[in-house]
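The values are calculated or read from the model by the stated rules, or taken from the named source; none is laboratory data. Note that this is a predicted model, so its numbers are computed, not measured. Counting neighbours? That spans all protein chains shown, and the Cβs are built from the backbone with ideal geometry, glycine included.
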Amino acid sequence: MSQSLSSSIIDSALALPPSDRARLADILLDSLDCPIDPQIAKAIAEDAKRRIDEYDRGETTSISKDDFLAWRRAKWSR
């Protein structure tokens, strides 16, 4: 793939609305067809369940998307 073509594809993808970019990312990741280690998949699922349970029991809170994005920008802009 030529440099200009790949830049064009990237520019087009970045111009998509966030929901379309997320869908494109899912499609691209699925196309890699990489096997998932069952132990890693199990650990991820257990961690997600633990976090949801903690939230449901009121042991943790959530933050807004805007607050998260502001935190991420501050953290990664250093």
**OP:** Test LYS49 against the criterion of being of a type in the set (D, E, K, R), exposed (fewer than 10 other Cβ atoms within 10 Å of the Cβ) and outside the structural domain of ALA13 (by TED's automatic domain parsing), and give yes or no.
**Re:** no
**OP:** Would you check which residues across the stretch 23-42 are charged (D, E, K, R) and under 26 Å from ALA13 (Cα atoms) and list them?
**Re:** ARG23, ASP26, ASP30, ASP33
Subject >> Yes/no for SER62 being of a type in the set (S, T, N, Q) and either modelled with pLDDT of 95 or more or under 29 Å from ALA13 (Cα atoms) (or both) >> reply: no
Original post:
Mind checking which residues of the stretch 1-21 are loosely packed, with under 10 Cβ neighbours inside 10 Å and outside any helix (DSSP H, G or I)?
Top reply: MET1, SER2, ALA15, PRO17
Original post:
Within the group LEU24, LEU29, which residue is at pLDDT below 90 and surrounded by 10 or more Cβ atoms within 10 Å (Cβ to Cβ)?
Top reply: LEU29
**OP:** Please state which of the following conditions ILE40 fails to meet, knowing it meets all the rest: (1) surrounded by 10 or more Cβ atoms within 10 Å (Cβ to Cβ); (2) part of a helix (DSSP H, G or I).
**Re:** (1)
Subject >> Inter-residue pairs, beta-carbon under 8 Å, first of a type in the set (A, V, I, L, M) and in the stretch 11-22, second in a helix (DSSP H, G or I), 6+ apart >> reply: ALA13/ARG21; ALA13/LEU24; LEU14/ARG21; LEU16/LEU24
